Amino acid sequence: MEIKNTYVRNWVEEMALLTRPDQIVWIDGSETQAEELRKQAIATGEMIKLNQDKLPGCYLHRTAVNDVARVEGRTFICTTNKEDAGNINNWMDPYECYHKLSKLYRGSMKGRTMYVIPYSMGIVGSDFAKYGIELTDSIYVVLNMLIMTRVGTEVLEAMGNDAGFIKGLHAKADIDEENRYICHFPQDNTIWSINSGYGGNVLLGKKCFALRIASYLGRKEGWMAEHMLILGVEYPNGETKYICAAFPSACGKTNLAMLIPPTVYAEKGYKVWCVGDDIAWLRVGEDGRLWAMNPENGFFGVAPGTNEKSNPNALHTTMKDTIFTNVVHDLDNNTVWWEGLDNNPPANAIDWKGNKWDYTKYDKKDKSTCGAHPNSRFTAKAVNCPCLSAEFENANGVPVSAIVFGGRRAKTAPLVYQSFNWQHGAFVGSIMASETTAAAAGAVGVVRRDPMAMRPFVGYDMGDYFQHWIDMGKKIPNAPKIFHVNWFRTDDEGHFIWPGFGDNMRVLMWILARCEGKVDAVETAIGFVPKAEDINIEGLEDVTLDTIRELVSIDTASWKEDLANIKEFYTLVGDRVPAEMKEELAALEKRLG
Ligand code: GTP
Ligand code: SPV
Ligand code: MN
């Protein structure tokens, strides 16, 4: 392959001098090359070829036992000034970081192959696409990037001789936890990742580029990169309205994005279409509306809990051309299994660690007995999704009617509420909180503040990020309305009160009705909540109007308690919290009395 871009050529050469691979292979995006790589990965045991009759094109991979989630503690934003990374991010001086990591990279690819992956986030050649090159010594990474992004020669062609591509360097090295680093240099368009082989740490187009670097670029250039799903609700008359929703990791984006309407809506002809399940790039359109596009080309979804009832569309998406990571291997059928798939765990099976797994010892309450890791994942092609939106390939994206924030809160947050206006909505996003999940290393189930579901993903100061939200609102004449939802409120026994999943559509319909001014609401201290009778509960068994009343009730005492925590968080964010946010906080406090 002749590489015309001199910047690409020189940089690849420079990185090869550092890492010393035995050979360099350029990924062209062809099926022939991909198949050759799969063969190699099978030969070395890096991947297991699954039953091709039942799961055509599907493979299983197990990561190292110490390498199963994003490592936020080892993720750094390396800007010249520490203040520009802010208090919420880990920071390292760029010069020091390059120096430190160079020592780890030096010679790390000896005896290995360096793969050069030219990829595009967004439709290749379109105005809103951005290009990257990832260098990696992992075939698993190459095969995942081929699913998650648009890869190949056409990307190099679209890049021309431009120097503005994102330079990503990944080396597995020894998968040494102590020397694991995920470092971002937004001022140099560079990402360096070493000593991991887990998705979010190594598929550099995703969280590293499409959120951390892109959020930095978005602020500079006047657009937004957000941790949001994008879905379309099609009405019986054929009109479609689009919603973006930001929930923290493992809090329901993929599930909501692919939801199947409950019978009451389905029989009237309502449909839901998935445009994206994790990341949205947002711009102001010439028509004064906010437009959202999904820069990815596939889904890197949570496996556990995915089943025929909770998310049939996701399940069907994974029936072919999919890489499963850290799930159970059913040896009798050469297929896969995970907790929450069905009630038939395989008798003859290998768990995510590669050990023989005895399902009879599985105890729901003890995660260490799980066959699949709680953060086990599937990497599946968007085109295989039965509910993929016809607008998925539209480079301009879709116009957004509503933005929805949400988290996992056992108490405090109601099922749904609407903000008073954009500024208040941005404030609602800034005070988001959620119980932590297995998607990141560390304790699970602890409430932490996670503004806009972006705490681990903002590539600059969090206060500046809040300011960017406020500034953007002023540039969108016809801005989306902003809401907050919580599917996870529990009763005294700890059971979820709201059925969730497909039934979340009932809440989306209230949200869209609000956007069109077709339904009233009750004004409370935190925002507008629905009148119970305006949430459609037709066909729901265990939900009555009283349940809805309880779900939308505002527990003033727990909100007041939350205020202290919000203030503490704002103090942690620091000096750059905008005055507007502080005004909103004071106003909320006053309204709570
Ligand atoms: P990331 O890929 O990490 O960004 O996660 P995500 O936000 O896409 O979350 P996902 O849809 O994969 O859901 C994560 C977990 O939440 C799964 O175990 C789901 O079963 C569960 N979940 C999703 N939606 C709901 C819901 O409406 N109610 C309840 N109770 N659980 C849900
Ligand atoms: C998340 O953790 O939010 C994910 C998975 O979507 S990862 O790509 O690992 O970040
Ligand atoms: Mn995510």
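The values are calculated or read from the model by the stated rules, or taken from the named source; none is laboratory data. No experiment lies behind these values; they were computed from the predicted model shown. Cβ: placed from backbone, ideal geometry, glycine included. Neighbour counts: every protein chain shown. All accessible areas refer to the heavy atoms of the entire protein, side chains included, with ligands and DNA or RNA removed. Shrake-Rupley method; radii C 1.70, N 1.55, O 1.52, S 1.80 Å.
Taking only Cα atoms of the chain, what ratio of Rg to Rh do you get with Rh as the Kirkwood inverse-distance radius? We get a ratio of 0.95 for the chain.
Tell me, what is the FRET efficiency for residue 563 and residue 307 to the nearest 0.05, using R0 = 60 angstrom and their Cβ-Cβ distance as r? Efficiency for this residue pair is about 0.95. Would you work out which of 581, 536, 552 lies farthest towards the positive end of the dipole of the range 528-593? Charges go on Cβ: Lys and Arg +1, Asp and Glu -1. So the residue we want is 581. Compared with the direct C-alpha span, the chain from residue 153 to residue 553 gains 138.5 nm at full extension, assuming 0.36 nm per residue.
Of all DSSP-defined beta bridges confined to the chain, some 65% are antiparallel rather than parallel.
Normalising the Debye intensity of the range 473-593 to I(0), with uniform scatterers on Cα atoms only, and taking log10 at q = 0.15, 0.23 Å⁻¹ returns -0.89, -1.37.
For residue 507, what is the net charge nearby, where nearby means another residue's Cβ is under 13 Å from its Cβ and Lys, Arg count +1, Asp, Glu -1? Local charge sum for residue 507: +1.
Listed by chain and number, the aspartates and glutamates whose C-alpha is less than 12 Å from the C-alpha of residue 207, apart from same-chain residues fewer than 8 away, are 72, 226, 278, 296. Calculate, for residue 22 and residue 177, the FRET efficiency according to 1/(1 + (r/R0)^6) with r their C-beta to C-beta distance and R0 35 Å; round to the nearest 0.05. Efficiency, from the Cβ-Cβ distance: 0.85. The GluC sites (Glu not before Pro) of the range 1-102 that DSSP puts in a loop, and whose beta carbon has at most 14 other beta carbons within 10 Å, are 2. With 21 Å as the cut-off, how large is the P(r) tail for the range 299-384, expressed as percent of Cα-Cα pairs? The calculated P(r) of the range 299-384 puts 23 percent of pairs beyond 21 Å. For a modelled paramagnetic label at residue 42, 7 Å from Cα along Cα-to-Cβ, the residues of the range 347-362 in reach, with backbone nitrogen under 20 Å, are 350. Counting only protein heavy atoms and a probe of 1.4 Å, the accessible surface of the range 299-384 is 49% carbon and sulfur. Each principal axis of the Cα atoms in the range 532-573 has its own extent, and those three values, largest first, are 46, 19, 17 angstrom. For the range 299-384, the dipole from Cβ point charges (+1 on Lys and Arg, -1 on Asp and Glu) about the Cα centre works out to 240 debye, to the nearest 20. Computed over protein heavy atoms with a 1.4 Å probe, the accessible surface of the chain works out to 39 Å² per residue.
If I take R0 = 25 Å and measure r between the Cβ atoms of residue 493 and residue 571 in this structure, what FRET efficiency does the formula 1/(1 + (r/R0)^6) give, to the nearest 0.05?
0.10
Given 309/361; 365/531; 381/531; 253/531; 268/309; 39/172, which pairs have Cα atoms separated by over 31 Å? In this structure, 365/531; 381/531 exceed 31 Å between Cα atoms.
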